[in-house]
1. Report yes if some residue within the range 153-165 is farther than 15 Å from Ala20 by Cα, modelled with pLDDT of 75 or more and assigned to a loop (DSSP other than H, G, I, E, B); otherwise report no.
2. Please determine whether any residue of the range 119-138 is modelled with pLDDT of 85 or more, of a type outside the set (A, V, I, L, M, F, W, C) and open to solvent by 60 Å² or more (accessible area, probe 1.4 Å).
3. Please enumerate the residues belonging to the range 24-37 that are open to solvent by less than 60 Å² (accessible area, probe 1.4 Å) and touching a Ser or Thr at 6+ places or on another chain (Cβ under 8 Å).
4. I'm checking my understanding of the structure. Among residues of the range 64-81 that are surrounded by 15 or more Cβ atoms within 10 Å (Cβ to Cβ) and modelled with pLDDT under 85, which one is farthest from Ser27 (Cα to Cα)?
5. Write out, first by first residue and then by second, each pair whose Cβ atoms fall under 6 Å of each other, whose residues are 6+ apart or on separate chains, and whose first residue, in the range 4-33, is among the basic types (Lys, Arg) while the second is exposed (fewer than 14 other Cβ atoms within 10 Å of the Cβ) and in a helix (DSSP H, G or I).
6. Do we have any residue at all in the range 172-182 that's touching an Asp or Glu at 6+ places or on another chain (Cβ under 6 Å), modelled with pLDDT of 70 or more and either at negative phi or β-branched (Val, Ile, Thr) (or both)?
7. Run Pro105 past the list (1) at pLDDT below 90; (2) in a helix (DSSP H, G or I); (3) closer than 21 Å to Leu66 by Cα; (4) over 19 Å from the mean Cα position of the chain (by Cα) and report the number of the one that doesn't hold.
8. Among the residues of the range 39-48, is there at least one that is open to solvent by 40 Å² or more (accessible area, probe 1.4 Å) and more than 15 Å from the chain's Cα centre (by Cα)?
Amino acid sequence: HVVVRAQPQPRDAVLLLLLALGSLGASGRVLAWLGVRPHSVPVSLCLGYGMAALAWLGVGLAGLWLPGVAAGLLAVPAVASFNRSRREIFCPAAGLSRYWLLAVPPLLVTLFGAMAPETAFDPLRCHLGLPETFERAHKIFLPENLAFASYPLNASMLFGPLRLLGGDSAAKLFNWHLLPLLGALTAALAGGGVSGAAAGLALFAVPLV
C-alpha cells in the first residue's frame with residue numbers, strides 16, 4: 001500500500017524531528033569514536049543524514065523497504081541519542097545572530113509554496129518517483145525506462161522512510177528544510193557570527209530551483 005497524501009500533517013514535523021535527532025546523535029557518536037570534534041550542528045546534521053541515507057540504502061537492497069523498518073530506523077536512533085542531540089541543537093541557539101531574523105520572511109514564503117497542494121506539475125515529483133517505485137516493490141531494484149535510477153542519491157534514500165510513514169507531505173517538508181540547513185551550513189563554514197550570518201543570508205538572495 002502506497003501512502004500518497006499531499007496535505008501537510010503534524011506528523012510530518014515529528015518525523016523530520018526524529019530523523020534530525022537520530023542523525024545528529026549518530027554523527028556525534030561516529031565523530032567521537034574517530035576522535036574528531038564536531039565542527040557545528042549543521043555540519044554534524046549533514047554528516048548524519050549521509051549515514052542515515054546509507055543505512056536506508058542497505059535496508060532497500062535487503063528487500064526491507066517497509067513501514068515497520070522505517071519506523072525503527074527513525075525512532076531507535078532518535079531515542080538512543082536524544083540527550084546528546086538536544087544539547088547540540090539548543091545550547092548554541094542562544095548565541096544566534098539577530099541578523100538571522102531577516103531570513104524568516106523568505107523561509108515562511110518558501111515553506112508555504114513547498115507545502116501547498118499541487119496546482120501544476122511539481123518538479124519534485126521526479127525525485128519522489130524513484131522512492132515511490134521502490135516502495136511499491138518493498139526493495140531497491142533497477143527499474144526500466146527510469147533515467148538515473150542507478151544513482152541512489154542521498155535525498156531519494158531519505159525520502160523513502162518519510163514517504164512510507166507520512167506520504168508526500170513529509171518528504172516535501174524534508175526537502176524544504178534543506179534550504180535553511182544549507183543557509184546554516186554556509187554560515188557555519190564561513191566562521192559564524194555576523195560574517196557567517198551575512199554569508200548564509202546571501203545564499204537566500206540567489207535564485208534556487
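1. Yes, the range 153-165 contains a residue that is farther than 15 Å from Ala20 by Cα, modelled with pLDDT of 75 or more and assigned to a loop (DSSP other than H, G, I, E, B).
2. For the range 119-138, residues modelled with pLDDT of 85 or more, of a type outside the set (A, V, I, L, M, F, W, C) and open to solvent by 60 Å² or more (accessible area, probe 1.4 Å): present.
3. Leu24, Gly25, Ala26, Ser27, Gly28, Leu31
4. Within the range 64-81, the match that is farthest from Ser27 (Cα to Cα) is Ala80.
5. none
6. yes
7. Only one criterion is unmet by Pro105, namely (3).
8. Yes - at least one qualifying residue is present in the range 39-48.
The values are calculated or read from the model by the stated rules, or taken from the named source; none is laboratory data. Everything quoted here is computed from the prediction, not taken from an experiment. Methodologically, a virtual Cβ is constructed for each residue, glycine included, from the backbone with ideal geometry; neighbour enumeration extends over all protein chains shown. What goes into the accessible areas is simple: the full protein's heavy atoms, side chains included, and nothing from ligands, DNA or RNA. Shrake-Rupley method; radii C 1.70, N 1.55, O 1.52, S 1.80 Å.
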